[in-house]
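Here the structure is laid out as structure tokens; the discussion comes afterwards.
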Amino acid sequence: LDQVLRSGTARTVKSRRTAGGGSYTVTCTPVAARNGTEDGSDSEKGDGKDKKGDVRDRGDGRREGGVLVYAADVTDHAEAAERLRTSERRHRETAVTLQRSLLP
């Protein structure tokens with residue numbers, strides 16, 4: 001999360017299995033807080049980012065913005081991919097066995 005906040009670049013980790021057995025694709029995206037006054041009107045500070053993409057300090061030591069973490073459940077897809085890999089392995093083994101039995 002710190003790396004995403006510092007760099008201003010989104011990061012995605014695809015199909016990671018959890019201890020509970022589910023699989024998730026997780027995306028972390030930097031989000032800049034909206035500059036504005038308490039009544040919601042925008043201030044004249046700009047977009048709230050400096051040239052490196054970091055969010056500026058508010059002056060009181062707190063930073064504006066944060067990181068949005070989105071996790072998508074891809075358990076069904078991961079299980080189907082594993083079944084496909086298993087099937088391909090079995091077919092390769094069968095082809096090798098057949099080839100060895102037919103060749104002298």
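Counting the residues of segment 1-28 that are among the hydroxyl-bearing types (Ser, Thr, Tyr), in contact with a helix residue (DSSP H, G or I) (Cβ under 9 Å, 6 or more places away or on another chain), surrounded by 14 or more Cβ atoms within 10 Å (Cβ to Cβ) and more than 13 Å from residue 78 (Cβ to Cβ) gives 0.
Looking only at residues in segment 61-104 that are of a type in the set (Ser, Thr, Tyr) and out of contact with any Ser or Thr (no Cβ under 9 Å at 6 or more places or on another chain), the one that is nearest to residue 9 (Cα to Cα) is 86.
Only the coordinates and a few stated rules stand behind these numbers; no lab work does. This is a predicted model, so every value here is computed, not measured. With ideal geometry, Cβ positions are generated from the backbone for all residues, glycine too; neighbour counts draw on all protein chains shown.
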